[in-house]
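Shown next, in structure tokens, is the structure this report addresses.
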Amino acid sequence: VVDLKARDIMSSPVGTLPADASVAEAWHLIQDREVRHVPIVSSDGTIHGVISDRDLLRDAVADAISPTARPLTERLVRDLVSPRLLTAGPDTEISQIARVLYEEHVGSLPIIDEKKNLVGLITRSDILRAIVEGNLLGES
């Protein structure tokens, strides 16, 4: 993990959704691609945030018990995206990314270029896979 950079292990290309996508569309993408995180981007590729399967489930349950519940097809992902966005660049060291994921209690980190366009995504699972596949656990 010491010499690895984001570009070495990030998933790319990444399935994304526009901010005006419905919560139902986000859920279908997560299920179809068997992923846990979906970046939300503008038409020019600028990232606005990331929606996780947990965000969708939490929101669906909260809405289901609300007296003003609305169908998931009428609800937009933009309403679930946190205004706080953590990102890294392709040359960021994996150790730094791992620290951010751990300290900030997030499951993924979008990788953006100098124009703030999404170029990849790193998840906790990507880091664990790099450790195991790279035999960085000290096993023989």
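The values are calculated or read from the model by the stated rules, or taken from the named source; none is laboratory data. Because the structure is a prediction, the values reported are computed rather than measured. Glycine also receives a Cβ, built like all others from the backbone with ideal geometry; neighbour counts cover every protein chain displayed. All accessible areas refer to the heavy atoms of the entire protein, side chains included, with ligands and DNA or RNA removed. Shrake-Rupley method; radii C 1.70, N 1.55, O 1.52, S 1.80 Å.
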Checklist entry - Among (1) out of contact with any strand residue (DSSP E or B) (no Cβ under 6 Å at 6 or more places or on another chain); (2) exposed (fewer than 12 other Cβ atoms within 10 Å of the Cβ); (3) touching a residue at least 40 places away in the same chain (Cβ under 8 Å), which single condition is D126 missing? => result (2)
Checklist entry - So which residues in region 20-48 are β-branched (V, I, T), within 19 Å of N117 (Cα to Cα) and in contact (Cβ under 8 Å) with a residue 40 or more places away in the chain? => result I40, V41, T46, I47
Checklist outcome for this item: Of the listed residues (R54, R36, R7), the one being basic (K, R) and in contact with an Asp or Glu (Cβ under 6 Å, 6 or more places away or on another chain) is R36
Checklist entry - Identify, please: which residue in region 96-112 is open to solvent by less than 40 Å² (accessible area, probe 1.4 Å) and farther than 19 Å from D55 by Cβ and is, among those, nearest to the chain's Cα centre (by Cα)? => result I111
